[in-house]
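Just below is one structure, and these are the notes that go with it.
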Amino acid sequence: MQTTFVMIKPDGVQRGLVADIIGRFETKGLRLVGLRQLTPPLEIAEAHYEVHNERPFYSGLIEFITSGPVVAMAWTGVARNIIGPTDGRTAAPGTIRGDFAMDIGHNVIHGSDGEDTASFELGLWFPDGLVDWTRDAEAQIYE
Ligand code: DAT
Ligand code: MG
């Protein structure tokens, strides 16, 4: 099963959305295997968004993501469709970005977009590894 790096961005933390967002992944049936709160150091933020370092929005993005605490998480299960597409203005209602975001930059949450980016991002934000456990409820959640 896939594990995704998910991060509640500084806007989501400041707006008090942490409990609601964690609740969406948890009640859907995903398994929380990593959780930490930190104000991202510049080196981690730059490595995380290195793929965008030529884009015009890059410096604003780094400034935003290092501006205050984020909640970094690792979730096992399918996460990306809970998050929704990048732009909160067009993301479907029912997704986190569709329900909470009104913008493209301040879009509340990050989720890695594939297996390769997930393993890179999980290693970057969780250098000590993840928590290995099984949810008893998985016998009910998965056929
Ligand atoms: P995603 O976060 O959905 O993976 P992305 O990888 O294309 O989106 O971009 C990373 C982040 O950069 C995104 O969450 C918000 C910001 N961003 C992307 N495109 C932007 C734009 N055109 N203007 C401002 N910020 C942008
Ligand atoms: Mg991306």
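Of note:
- Protein accessible area in the stretch 1-84, 1.4 Å probe - carbon and sulfur %: 51
- Between helix 115-125 and the chain: long-axis angle, C-alpha atoms, 0 to 90°, nearest 10: 70
- For the chain, accessible area per residue (1.4 Å probe, heavy atoms of protein chains only), Å²: 55
- Cα-based helix-to-principal-axis angle, 18-28 vs the chain, degrees rounded to 10: 40
- The chain: relative contact order in percent, alpha carbon pairs under 8 Å with at least 6 residues between: 35
The values are calculated or read from the model by the stated rules, or taken from the named source; none is laboratory data. Keep in mind that what you see is a predicted model, and the values were worked out from it rather than measured. Heavy atoms of the whole protein, side chains included, go into the accessibility calculation; ligands, DNA and RNA do not. Shrake-Rupley method; radii C 1.70, N 1.55, O 1.52, S 1.80 Å.
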